[in-house]
Amino acid sequence: MPGRFISLEGGEGVGKSTQSRALAAALRARGLEVIETREPGGSPGAEAIRTLLLEGAGDRWTAEAEALLFAAARADHIARTIRPAVARGAWVICDRYVDSSIAYQGGADGLGEEAIRTLHGIGSGGYLPDRTLLLALPGEEAAAREAARDAGKPDRFGARDASYHAAVAQTFRRLAEANPVRWRIVDATGTAETVTARLVDAIEDLA
Ligand code: TYD
């Protein structure tokens, strides 16, 4: 029986990384094989591209070049890590996926959703998760958490302004509302344990 592919999405500071780990642990406790991965990255080639994307000056890449690099990293990640794991029956938990490209490069950078979907079609045959979990926080709370975490050293994306991050959040919400079969919007306020329990509930029908 094939496994399942689950992605977590949201803006900076919503707790995706912590929650990816916790969700993976909850599924392992049920005896499932779980692979935790992330984008950009998740395979040796994609991790090399990650360094190109996250380090350096804010204007290092044009928006178009950046979108192509994310799509290239994703193509490698899917071919080498995600598809083989799902084929052998593992559950894959991925911290960010193509919806991040739609929200950041497509929405906030203005390349448009269709352009990103076209790149994803070329790179990865349009491969999509069985479920995408949107961790949702009020904007001010996310900014405060992010500031505490990065202590003044955000990456190339975290350093962009409030209107950029608002456009990201708005695109995620629009995508989630448009496709309630694949997406669930999960309230990211409250204790980490409470949020993990909400995430487990939001994938129960896949088990
Ligand atoms: P990361 O350190 O993983 O950030 P976070 O903890 O916020 O998830 O860095 C990933 C950054 O790359 C993040 O700012 C979002 C951005 N990004 C895109 O712009 N497009 C994409 O397709 C992906 C996967 C990430």
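Consider the stretch 23-54 and keep the residues that are in contact with a Leu (Cβ under 8 Å, 6 or more places away or on another chain) and within 8 Å of the ligand (Cβ to nearest atom). The one that is nearest to V86 (Cα to Cα) is P40. The residue that is farthest from the ligand (Cβ to nearest atom), among those in the stretch 1-22 that are open to solvent by 20 Å² or more (accessible area, probe 1.4 Å) and of a type in the set (S, T, Y), is T18. Before we move on, is V86 closer than 22 Å to F172 by Cβ and among the aliphatic types (A, V, I, L, M)? Spelling it out, it is not the case that V86 is closer than 22 Å to F172 by Cβ and among the aliphatic types (A, V, I, L, M). Each residue in the stretch 172-184 was checked for being surrounded by fewer than 19 Cβ atoms within 10 Å (Cβ to Cβ) and either among the aliphatic types (A, V, I, L, M) or assigned to a helix (DSSP H, G or I) (or both), and 5 pass.
From the list A197, A166, A159, A192, the lone residue that is more than 12 Å from the ligand (Cβ to nearest atom), of a type in the set (A, V, I, L, M, F, W, C), more than 24 Å from V34 (Cβ to Cβ) and open to solvent by 20 Å² or more (accessible area, probe 1.4 Å) is A166. Whenever a residue of the stretch 67-82 is in contact (Cβ under 8 Å) with a residue 60 or more places away in the chain, its partners that are within 12 Å of the ligand (Cβ to nearest atom), lying with C-beta atoms within less than 8 angstrom and at least six residues away or across chains, give the pairs I82/T37; I82/G42; I82/C94. Could you go through the stretch 31-42 and let me know if any residue there is open to solvent by 50 Å² or more (accessible area, probe 1.4 Å) and part of a helix (DSSP H, G or I). No: the stretch 31-42 contains no residue that is open to solvent by 50 Å² or more (accessible area, probe 1.4 Å) and part of a helix (DSSP H, G or I). More than 9 Å from the ligand (Cβ to nearest atom) and either open to solvent by less than 30 Å² (accessible area, probe 1.4 Å) or part of a helix (DSSP H, G or I) (or both): is that true of D76 in this structure? Against the criterion (more than 9 Å from the ligand (Cβ to nearest atom) and either open to solvent by less than 30 Å² (accessible area, probe 1.4 Å) or part of a helix (DSSP H, G or I) (or both)), D76 qualifies. Among the candidates G89, G126, the residue that is assigned to a loop (DSSP other than H, G, I, E, B), free of Cβ contacts under 8 Å to residues at least 60 places away in the same chain, open to solvent by less than 50 Å² (accessible area, probe 1.4 Å) and more than 13 Å from the ligand (Cβ to nearest atom) is uniquely G126.
The values are calculated or read from the model by the stated rules, or taken from the named source; none is laboratory data. None of the values given here were measured: they were computed from a predicted structure. Note that we place each Cβ from the backbone using ideal geometry, even for glycine, and neighbour counts take in every protein chain shown. Heavy atoms of the whole protein, side chains included, go into the accessibility calculation; ligands, DNA and RNA do not. Shrake-Rupley method; radii C 1.70, N 1.55, O 1.52, S 1.80 Å.
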